Amino acid sequence: MHDHSFIVVRLFDVRKKFLQEPVHNDSYRWVIFSGVFGVYLGFGMVAMSLAPLVGEIRSDLNLTRGEIGIALGTWQLIYIVTSPIAGRVIDRLGVGYSMTIGASLVFISGITRSLANDLTTLCMAVAFFGIGGPLVSACAPTAVGFWFTNERERKFAVGAYTAAPAVGSILVLVMSNSLLMPLTDSWRWTIAIETLVIAFALLFWIFIAEFKIEKDHVRKREGNKTFLIWKSIVISKEIKIIFLLGITVFFLSHGLGGWMPEILREHIGFSSMAASNWTAASLGIGILISLLLPSRTRRENFSFILTSLLLVIVLSLVAIIFLPSYMTPLSVMIAGSRSALIPLVILALMESPKLNIKQMGTAYGLWFASAEIGGVLGPVTAGRMADSTFGYDGVLWLMVAVCLMMILLAYALRIRTDESN
């Protein structure tokens, strides 16, 4: 017993020593990164927990496709309001406290989802995610930007941590219908078990994180001028384009991410297990591209890389519509490359010379707030479209149109980048 106590004490001593060393020389950055990755992994699992179980939830709660679309988009709607506030909270409370609060609320969201008994209670449960999620979303790039000063390491870290929700989504897609549903015969227990991951990640974060409240008097004075700070961030035309890209990227990501299992199951004719597994495989492709592409992207070639990636996604979506069903899995996996869009746009914001580094949390909060406009419209519009005469083909054509809109924004951003060089 004494030996165990000694080990715990030594661990805290090592943690304290690391936290007292200069940030840019500190190998403890990888420990912090592992904490960020773990929380974001659990974040992704809770966010995706409804998608592979849409059929079972609809049947149990007697919901239409449009109504389940509203539930899927509830947290994104809350994000729009809470993200700017979350950014300011992070700049004042610090990453340690903010991530803890955010992860706790995400955990509550997951547990209460499993207890929902109608559309109202389901939306309320999902809404908790919209309160805590922005703190997690904005803490992650803030922590990476603060702890990783080497450009190559920072780009890798951005690609890796943004892949964490995709890893979580894969785990949910694979486990839900292949393991947990057969084991528990309950969508409620399935979601509750998957939510445990964010609980363990939260405990790990509490152990490793540095907790301190920002006491800088300049920041306190800025707190009374929050609106002016927000305005100073978005006044740049380059930042505005990056914000518009965020809206369209989230429309595509959340719209397809929330409905792809149902598109494969109802529209193509796959079983629930096959639909989830192929969607998971597509996210695996997205993770690989997210790890490789950001580190090879610079401001000078950002627009070209983004446009090329969007054209690949367009071709894959068109292929799903026209090619035979036995070719669909290949097209779905190629469409999974959309996961790399988010880290690319976050890097564009992080490396913009128009961004004040002292207001990183606030900037990311505003970006996520605007991006989640697309996050709300994506799944809700897709649900309404699926219920209409256009059906799921209409959903896929809508996503093609959004990709083409992003290509125009990428061209506009290239012009702004050339002007600033």
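Derivation of every value follows stated rules applied to the coordinates shown; laboratory data play no part. Note that the structure is a prediction, hence the values are computed from the model and not measured. Cβ: placed from backbone, ideal geometry, glycine included. Neighbour counts: every protein chain shown.
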- Note on the structure: Between the modelled labels at Ser271 and Thr64 (7 Å from Cα along Cα→Cβ) the distance in nm is 3.2 nm
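Hey, fewest Cβ within 10 Å first, where do Ser370, Ser325 land in order? Walk me through the intermediate numbers first.
Details: Ser370 23, Ser325 12.
Least to most surrounded, the residues fall as Ser325, Ser370.
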- Query: For Ser325 and Asn117 in one chain, what is 0.36 nm times their gap in residues minus the Cα-Cα distance, to one decimal in nm?
  - Reply: 71.3 nm
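What are the trypsin sites (Lys or Arg not before Pro) within the stretch 273-368 that DSSP puts in a loop, where the Cβ has at most 15 other Cβ atoms within 10 Å?
Here the sparse-neighbourhood loop sites are Arg298.
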- Query: How would you rank 283-289, 316-322, 245-251, highest first, on the average number of other Cβ atoms within 10 Å across their residues?
  - Reply: 245-251, 283-289, 316-322
- Using the number of other C-beta atoms within 10 angstrom as an exposure proxy, rank Met48, Met181, Met405, Met327 with the fewest first. Met327, Met405, Met181, Met48
- Note on the structure: Fewest-first ordering of Ser339, Ser114 by Cβ atoms within 10 Å yields Ser114, Ser339
- Query: Taking the Cα-to-Cβ direction at Ser34 and at Leu203 and moving 7 Å from each Cα, how far apart do the two end points lie in nm?
  - Reply: 1.6 nm
- Query: For the residue pair Glu151 and Met124, what label-to-label distance in nm results when each label sits 7 Å from Cα along the Cα-to-beta-carbon direction?
  - Reply: 5.2 nm
